[in-house]
Amino acid sequence: MDNIQPAPQLIKTKEQLPGIQTWLPYQSTQACCEPVAHIRARDLSIMYANQLALQKVNLVINKGCITALVGPSGCGKTSFLMSINRLTDLIPRCTVTGQLQINEFDVLTPSTDLLHLRRQVGMIFQKPTLFPFSIKKNLELPIREHGQHARETWAALIERTLQQVGLWDEVKDRLDQPAQALSGGQQQRLCLARAMTLSPEILLLDEPCSALDPISSGIVEDLIVSLRGQYTVIIVTHNLAQARRIADDVAIFWAIDGIGQLIEHGPARTIFESPQHELTSAYITGARG
Amino acid sequence: MLTQTKNTEERVWTLMIWSSVGLISFGFLWILGDLLWHGWTQLSWNFLFSSPENSGREGGIGPILISTSLIIGVCMIIAWPIGLGTAIFLAEYTKDHHRFGRLIRGSLDVLAGVPSIVFGLFGNALFCQALGLGFSILSGGLTLACMVLPILIRTTEESFRAITSDQRLSAAALGFSRSTTIWCILLPAAMPGLLAGSILGLGRAMAETAALIFTSGYVGRMPESLLDSGRALSIHIYDLAMNVAGGNPNAYATAIVLVSLLIIINLVASWIADQWTTSNQLPNL
Ligand SMILES: Nc1ncnc2c1ncn2[C@@H]1O[C@H](COP(=O)(O)OP(=O)(O)O)[C@@H](O)[C@H]1O
Ligand SMILES: [Mg+2]
């Protein structure tokens with residue numbers, strides 16, 4: 001992870017897929033690349049029963065960049081993430097309207113192949129959610145489910161993925177031990193590895209560090225930074241300092257009269273140095289939120 | 001004094017709790033002791049394996065053990081898959097407040113409380129007569145299956161519902177199909193509950209008399225097929241105690257065997273559930 005070199009190409013193509021290690025970490029300490037739209041939300045609204053949770057979000061998320069969603073609790077950040085991989089379908093009486101595109105592909109059409117979509121879009125939750133099995137089985141289950149790799153290559157894929165999240169040296173001797181015996185930070189990295197076994201294009205991270213101690217949190221944060229360029233990362237965080245450190249783009253959500261809205265978005269530097277919206281400036285100076 | 005009254009109150013409570021515990025243990029030990037006292041002298045390996053003679057006053061319970069195992073076997077082989085399937089349907093495929101699910105759940109709760117003699121009459125009418133299976137081990141097993149299904153389904157359903165929603169969400173987020181989620185993620189997590197439900201059902205089936213009188217019958221011979229009539233342990237006890245003068249010692253001995261079997265089954269099941277839980281590191285179970 002530490003030999004940072006410029007990546008020749010931002011987006012992995014199918015031909016590059018077989019060896020994960022061929023994708024080099026993209027070098028960027030500030031705003032990323034010339035922006036290529038990856039995810040486009042147009043007038044995206046989310047309702048729970050008859051209660052509007054998120055109103056008319058228009059947002060473009062750039063390929064290979066880290067986009068941070070920030071804002072106080074209850075303003076619809078999680079709901080927004082879950083609409084991207086259509087986990088909202090699992091919530092009874094939740095409806096998503098508007099348009100949501102990944103590349104040119106329309107996510108919200110009923111005919112979307114959800115299993116395929118969710119293979120392209122990995123998600124990590126606030127609390128590490130490992131299955132009650134061994135470390136190895138946790139990683140094997142998704143690989144087997146999507147059946148894209150011959151069984152002989154699984155071990156190598158698992159090793160590569162664990163190395164990518166910097167967990168290989170810590171767990172290589174205990175792959176058969178229960179995953180839930182790992183520390184919180186290790187569990188969160190294992191969750192990330194588990195999502196990465198499917199080689200997704202997009203990673204949705206819902207407050208991945210907020211349940212971790214500062215040291216584990218730092219390790220996970222470094223890991224997320226190392227994903228820049230290989231994945232399109234959307235991270236929800238309450239930690240503005242973290243957003244400032246890692247994000248290329250920032251989107252500020254706010255609940256106005258109980259309804260979540262996107263009040264401002266743009267490159268991280270612009271948002272943090274010259275916010276346009278008064279709520280944003282109050283929020284980032286710590287006066288509100 | 002405040003502390004004084006508190007102390008007295010505390011003492012009264014402690015006394016009440018301990019006396020109820022004592023009463024329960026005493027009752028249980030008394031039953032066991034009574035059984036052992038009256039039946040111990042009859043017990044031997046020979047008793048377990050030989051056939052009953054002289055209407056059961058002499059000889060053993062070999063064929064009866066076999067019939068009992070067959071009846072229970074039929075019951076479990078039928079009840080398990082149906083129970084599991086229904087439980088999964090109720091827990092995973094019906095919404096909480098869905099009318100159909102509520103209807104099924106309500107019916108099951110009523111069925112679980114129906115006296116077993118009613119199941120016996122129903123089994124006799126359906127399996128023995130309408131389906132022409134006669135008084136047979138098969139009829140008895142099927143009737144018992146109907147009887148234990150409500151318990152099995154409800155406990156299994158509850159153990160599925162007890163699994164936290166993050167497991168389902170993270171499985172869905174990985175693009176797992178519903179069947180993978182159920183078989184590979186939820187079922188292993190629900191296993192201890194499923195075992196507990198099976199044991200409850202099994203215990204109820206083993207102890208059953210009324211439902212079997214009308215379905216698997218009284219015949220104490222060694223069964224040759226599932227279509228033969230076969231006498232279950234509980235029926236043997238009932239018959240010896242009520243209808244056979246001088247049958248009491250063997251009735252007691254049979255009761256010892258039945259109670260021991262129930263205890264063994266319970267121990268084995270909790271051991272398996274323990275193993276399962278520790279080896280899988282399940283949360284909240
Ligand atoms: N499953 C749900 N059912 C009903 N309302 C929900 C559900 N999940 C979230 N909400 C509501 O939607 C709004 C946005 O929630 P959420 O997306 O979790 O916000 P955030 O992640 O920014 O804290 C909240 O007002 C919340 O009450
Ligand atoms: Mg949230």
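The values are calculated or read from the model by the stated rules, or taken from the named source; none is laboratory data. This one's a predicted model, so the numbers in the text were calculated from it and none came from an experiment. Here Cβ is always computed from backbone atoms with ideal geometry, including for glycine, and neighbour counts include all displayed protein chains. Only protein heavy atoms, including side chains, enter the accessible area calculation; ligands, DNA and RNA are left aside. Shrake-Rupley method; radii C 1.70, N 1.55, O 1.52, S 1.80 Å.
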Would you jot down the residues in the stretch A:137-180 that end up with at least 30 Å² less accessible area in the complete protein assembly than in the chain alone, with a 1.4 Å probe?
-> A:L141, A:E145, A:P178, A:Q180
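Per-residue ellipticity at 222 nm for chain A, helices alone: DSSP H runs ≥ 4 residues times -39500 (n - 2.57), over residue total, nearest 500 deg cm²/dmol? Don't skip to the end; give the middle numbers.
Working: 10 runs with 88 residues, N = 289.
Rounded to the nearest 500, it is -8500 deg cm²/dmol.
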Relative contact order [Cα under 8 Å, 6+ residues apart], the stretch B:55-279, whole percent = 31 percent
Calculate the spin-label point distance for B:E92 paired with B:W30, positioning each point 7 Å from the Cα along the beta-carbon direction, and give it in nanometres.
-> 4.8 nm
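Can you give the calculated 222 nm mean residue ellipticity of chain B, where each DSSP H run of n ≥ 4 adds -39,500 (n - 2.57) and the sum is split over every residue, rounded to the nearest 500 deg cm²/dmol? All intermediate terms of the calculation are to be shown ahead of the outcome.
On the way: 11 runs with 194 residues, N = 285.
Helix contribution divided over all residues of chain B: -23000 deg cm²/dmol.
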Run the numbers on the stretch A:125-192 and let me know its relative contact order in percent, using alpha-carbon pairs under 8 Å that are six or more apart.
-> 53 percent
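For the protein assembly as shown, which whole percent of the accessible surface, found with a 1.4 angstrom probe, sits on carbon and sulfur atoms?
Numbers: 16630 of 27520 Å².
Carbon and sulfur atoms account for 60 percent of the accessible area of the protein assembly as shown.
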Crossing angle, helix A:135-146 versus chain A [Cα axis fit, 0-90 degrees, rounded to tens] | 80 degrees
Residues of the stretch B:149-180 with accessible area at least 50 Å² lower in the all-protein-chain context than alone (1.4 Å probe)?
-> B:D166, B:Q167, B:L169, B:S170, B:A172, B:A173, B:L174, B:G175, B:F176
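Note down the relative contact order for the stretch B:1-151 as a percent, whole number, built from C-alpha pairs under 8 angstrom at least six residues apart.
Working: 96 pairs, mean separation 31.9, N = 151.
Reported relative contact order: 21 percent.
Specify, per residue and in Å³, the volume enclosed by the convex hull of the alpha carbon atoms belonging to the stretch B:55-279.
130 Å³
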On a 0 to 90 degree scale, rounded to 10, what angle separates helix A:154-164 from the longest Cα axis of chain A?
-> 50 degrees
FRET efficiency, A:N239 to B:I263 (Cβ-Cβ, R0 45 Å, nearest 0.05) = 0.20
At the level of C-alpha centres, the distance separating the stretch B:33-48 and the stretch A:225-289, in angstrom, is 78 Å
Among the DSSP H helices of chain B, those whose Cα atoms extend at least 18 Å along the helix axis and whose mean Kyte-Doolittle hydropathy is 1.0 or higher are B:62-88, B:187-206
Roughly how many nanometres apart are two label points built 7 Å out from the Cα toward the Cβ at B:I272 and B:I117?
-> 3.4 nm
So, in nm, how far is label A:R42 from label A:K56 when the simple model puts each one 7 Å beyond its Cα toward the Cβ?
-> 1.5 nm
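Heavy-atom accessible area per residue, the stretch B:55-279, 1.4 Å probe: how many Å²?
Working: 9510 Å² over 225 residues.
For the stretch B:55-279, the per-residue accessible area is 42 Å².
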Once both axes come from the Cα atoms, what is the angle between helix A:184-196 and the longest principal axis of chain A, in degrees from 0 to 90, rounded to 10?
-> 80 degrees
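Report the A-B buried area as the accessible area lost on both sides summed, probe 1.4 Å, in Å² to the nearest 100.
Working: alone 13550 and 15960 Å², together 27520 Å².
Using a 1.4 Å probe, the pair buries roughly 2000 Å².
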Among all lysine pairs in the protein assembly as shown that are eight or more places apart or on different chains, how many have alpha carbons less than 24 angstrom apart?
-> 10
